[in-house]
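The values are calculated or read from the model by the stated rules, or taken from the named source; none is laboratory data. Everything numeric in this text was worked out from a predicted model, so none of it was measured. Quick reminder, even Gly has a Cβ in these numbers, built from the backbone with ideal geometry, and neighbours come from all protein chains shown.
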Amino acid sequence: MISKFYQKSRQERINLLTERGFVTAEAGKLFIENPLLSETIADNMIENQISQFPLPLGVALNFLVDGKDVVVPMVVEEPSVIAASSNGAKLARPLGGFKTEIKERCMIGQLIFKDLVDVEEAKRVVQEKEAEIIEIANLAYPSIVKRGGGVQRVETRVIENETGEAEFLTIHLIIDVQEAMGANMINTILEATASSIKEWIHGEILMQILSNYGDASLVTAMCEVDPKQLTTADYDGQWIAERIVEATRYAHLDPYRAATHNKGIMNGIDSVVLASGNDFRAIEAGAHAYASRNGRYEAMSYWCINEAGNLAGELTLPMPVGIVGGAISVLPLAKVNQQLMQIQYATELASIIVSVGLAQNFSALKALVSEGIQKGHMSLQIKSLAIHAGAKESEIDEVVAKLKQEKTQNLATAQQILDKIRN
Ligand code: NDP
């Protein structure tokens, strides 16, 4: 456990992480120098590059994931996200922190065929030729097979059109992409496989691309909290725990609430995904698709009071993140952040990310069913208000202190306070 981290200066925080062995002195220096990307990297990563757009990188503390202490890097523009994650992780620690389960880590490549004479017959042919398809696919990307991955199996789906007629045959190649996210390698494999299948089934290929609905890479994070720990001067812990369960049940019934419930989860998830150099749009798309798997958009997490009387939370999401390839191999801080989390495998990163999502959800629900979210949120938002009002470094603390005493804590009040200080 690291305590009072937030009271230290930036240099002291980095020194502490270095002393505790979370990062090397060299990596610590990179944090301090806070480098922008080199012009070569920035100009070659995207098109029409004109500048860079820095966001703050912070760390969430107190995380115990599968028995290991983790300092979690988070890139986020919203105040209170990192504090909420750290708080949720702290409360989950006494009963073992977060435990995770990963049954499979594969990506799905889709080959979509149209204009088939007989869709069911085409499906039968593909099923019969599964071994041949796997062989052709693996020959297209031998390096991943050498690393222990490659195509694991072939699945077929007949897709009906608007009038209920079987129209498309979609073939899924379920691919073990090892430590990469795998989008590019999957697309290479699909292109190489499409032409042979086309000849066998006499159909037209509509497209071939990976699916971001990554339900072959589901990760479950679980935690337990003793309700007594939730008791404060104003609230009874058992009462809060029961209300968290009820609030989650409600979020499974109402998509309007589910969207906000899930936004809180994604606050945590996106921040770590970004810090790891992974593609956050891919993770967002997969998460929301999975939240709709029962035919209606639902809450992503579950909370109950278990047999031991503890509040128990569970979050399952597709988490096909990588630790090599794509932007990860190009962004210098993405590699340092891997070092910070002390991870060696993509599965470890995925477990940490889903655990952060659950911690974030727990903190948000705890606040919402008791004192409301604004109290905690605003106390952290006040600094942003002071800066927005134009306060200089030397004025921020005074504006924040005075704004905290005001009933209405908004931009206009911050500006009035700043004017008074200056006059
Ligand atoms: P890359 O194209 O960079 O492929 C991964 C690279 O990592 C390969 O060159 C591979 O080498 C190398 N590698 C080294 N060690 C390993 C290992 N242990 N396991 C696996 N690979 C290893 O990246 P991805 O294929 O992962 O694609 C990710 C990118 O694709 C992201 O930037 C994403 O934004 C983008 N993308 C996303 C799409 C989507 O989500 N719909 C669509 C298209 C692109 P080798 O080749 O020698 O095997």
* Structure fact -> When (1) surrounded by fewer than 16 Cβ atoms within 10 Å (Cβ to Cβ); (2) within 16 Å of the ligand (Cβ to nearest atom) are applied to residue 288, the one that fails is (1)
* To do: Determine if segment 212-235 includes at least one residue that is in a helix (DSSP H, G or I), closer than 16 Å to residue 315 by Cα and over 15 Å from the mean Cα position of the chain (by Cα).
  => no
* residue 111 vs. criteria outside any loop (DSSP other than H, G, I, E, B) and within 14 Å of the ligand (Cβ to nearest atom) -> no
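Looking at this structure, is residue 217 surrounded by 21 or more Cβ atoms within 10 Å (Cβ to Cβ), within 15 Å of the ligand (Cβ to nearest atom) and within 25 Å of residue 97 (Cβ to Cβ)?
Yes, satisfied.
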* Considering segment 114-149 alone, what residues qualify as being crowded, with 16+ Cβ neighbours inside 10 Å and in a loop (DSSP other than H, G, I, E, B)? -> 116, 129, 141, 149
* To do: Working only within segment 130-164, note down all residues that are more than 16 Å from the ligand (Cβ to nearest atom) and closer than 27 Å to residue 180 by Cβ.
  => 130, 131, 132, 133, 134, 135, 136, 153, 154, 155, 156, 157
* Pair list, Cβ < 8 Å and 6+ apart or interchain, from segment 321-332 residues that are not assigned by TED's automatic domain parsing to the domain that holds residue 273 to residues that are near the ligand (Cβ under 6 Å from one of its atoms) -> none
* Asked: From the set of residues in segment 275-285 that are in a helix (DSSP H, G or I) and over 8 Å from the mean Cα position of the chain (by Cα), which is nearest to the ligand (Cβ to nearest atom)?
  -> 282
* Asked: Would you say residue 156 is surrounded by fewer than 21 Cβ atoms within 10 Å (Cβ to Cβ), in contact with a helix residue (DSSP H, G or I) (Cβ under 6 Å, 6 or more places away or on another chain) and over 23 Å from residue 325 (Cα atoms)?
  -> yes
* Which ones in segment 323-348 are surrounded by 24 or more Cβ atoms within 10 Å (Cβ to Cβ) and within 13 Å of the ligand (Cβ to nearest atom)? -> 323, 346
* Please note which helices (runs of 4 or more DSSP H) are completely contained in segment 308-416 and include at least 1 residues that are within 15 Å of the chain's Cα centre (by Cα). => 332-341, 346-368
* Asked: Can you name the residue in segment 189-211 that is over 26 Å from the mean Cα position of the chain (by Cα) and of a type in the set (Val, Ile, Thr) and, of all such residues, is farthest from the ligand (Cβ to nearest atom)?
  -> 201
* **Every pair of residues 6+ apart whose Cβ atoms lie under 7 Å, when the first sits in segment 1-28 and is within 19 Å of residue 397 (Cα to Cα) while the second is of a type in the set (D, E, K, R)** => 5/13
* Structure fact -> Of the conditions (1) of a type outside the set (Asp, Glu); (2) surrounded by fewer than 19 Cβ atoms within 10 Å (Cβ to Cβ); (3) not in a strand (DSSP E or B), the single one that residue 304 does not satisfy is (3)
